[in-house]
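The values are calculated or read from the model by the stated rules, or taken from the named source; none is laboratory data. If you're wondering where the values come from, they're calculated on a predicted model, not measured in any experiment. Here the Cβ is made from the backbone with ideal geometry for all residues, glycine too, and neighbour counts use every protein chain on show. Calculation scope for accessible area: heavy atoms of the full protein, side chains included, ligands and nucleic acids excluded. Shrake-Rupley method; radii C 1.70, N 1.55, O 1.52, S 1.80 Å.
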Amino acid sequence: MVAGSMTTPDGNGKSMKTILVPLDGSALAEQILQYVQVVAPLLDASVRLVQVVSEPAPESVLVESMTGLYGVSEPVAHQRERSRVALDETLAGAEAYLAARAARLEDAGLEVTFDVQIGSAPEIIVDIAHSSQIKLIAMATHGYSGLRRWVLGSVADRVVQAATVPVLLIRATQYSQRGFGLSRVLLPLDGSELALQALPLARELALKSGAELMFVEAVSPDVESYPSLVAQPVSPYGTTVGALHDQAKRNLAMLADQVRAGGVAVASIVENGPAAEVIVDEATRQNISLIVMATHGRGGLRRWAMGSVADKVLHAAHIPLLLVRVS
């Protein structure tokens, strides 16, 4: 491991919570940094930049045998030395790269550390995230260099599946992005206690940024999604769904009143339709800055599997998505 800038405690002598930011040396992956620059102060968190370098492939037994028998290649010792030198150069380049990005964040007033690791990117990211000081992981959903050192899309997917801390994801794009600011935070709910586990983080971000917190709940037009209900067949938006719609509105109104009492501006929306479509449509319609949602949240009625919904939202929306792993 190559590291830079030692972690320092906050003014009270306590170690700060940290946002882990994996980078791969590409401009696409760096797009996450403008979001981190906004979110870190809201969470009173420092930033840790990490770049993962792949281990050099070991020399094969066949190459060693051919070299020894026929002398058709350079000596194995020379190959290994060349690989070691190449790795050292890669590590030095990665350290210099991270140092430059860390300096920019420090100029913006953030506390930053950085280090270079060798191995499997998803495994190392998750291992680091399991340390007690990591508040969340922030990364682009894809962001590969010209050498395609590692494809951040697949890495992000594996990190989301394995990490127990929240993960902030953005969809990197070849086009320049406008500056990021929090004005409206969308929290999708499904009536379950599990989905509500994303509320504390959404409320914290809204409160500290002064953003409006918006609840959205999708009522499925498919009554088969509610197996505990005894109802006669109805049209897609018939009486049964209408009752569910009204109940969802009452529940969200009560929740909004509770959160509003804590000083957060709150609004709520209930729409009939498939959950992912409702979330994406409302996020666009309401000019949402950030979606915060549980990675799964099945109620007793299994109204909709939040894990699959989160995946659909991530692929359909161009809005930052903060996933909170629940169990």
H245 accessible area, 1.4 Å probe, all protein chains in place, Å² to nearest 10: 40 Å²
For segment 319-327, Karplus couplings with θ = phi - 60° (6.51, -1.76, 1.60), whole Hz, Gly/Pro x: 10, x, 10, 9, 9, 10, 6, 10, 9
All aspartates and glutamates inside 18 Å of K135 as judged from Cα atoms, apart from same-chain residues fewer than 8 positions distant: D10, D44, E111, D115, E123, D127, E204
Cut-off under 5 Å, modelled amide H: who pairs with L23 long-range: V50, Q51, V52
Amide H contacts of K135 (H built 1.01 Å from N, under 5 Å, at least 5 apart or other chain): T18, I19, L20
Packing-based ranking, highest mean first, of 267-275, 47-55 given that Cβ atoms within 10 Å are counted: 47-55, 267-275
Packing-based ranking, highest mean first, of 105-113, 254-262 given that Cβ atoms within 10 Å are counted: 105-113, 254-262
Radius 9 Å from Cβ of T141, net charge of other residues (Lys, Arg +1; Asp, Glu -1): 0
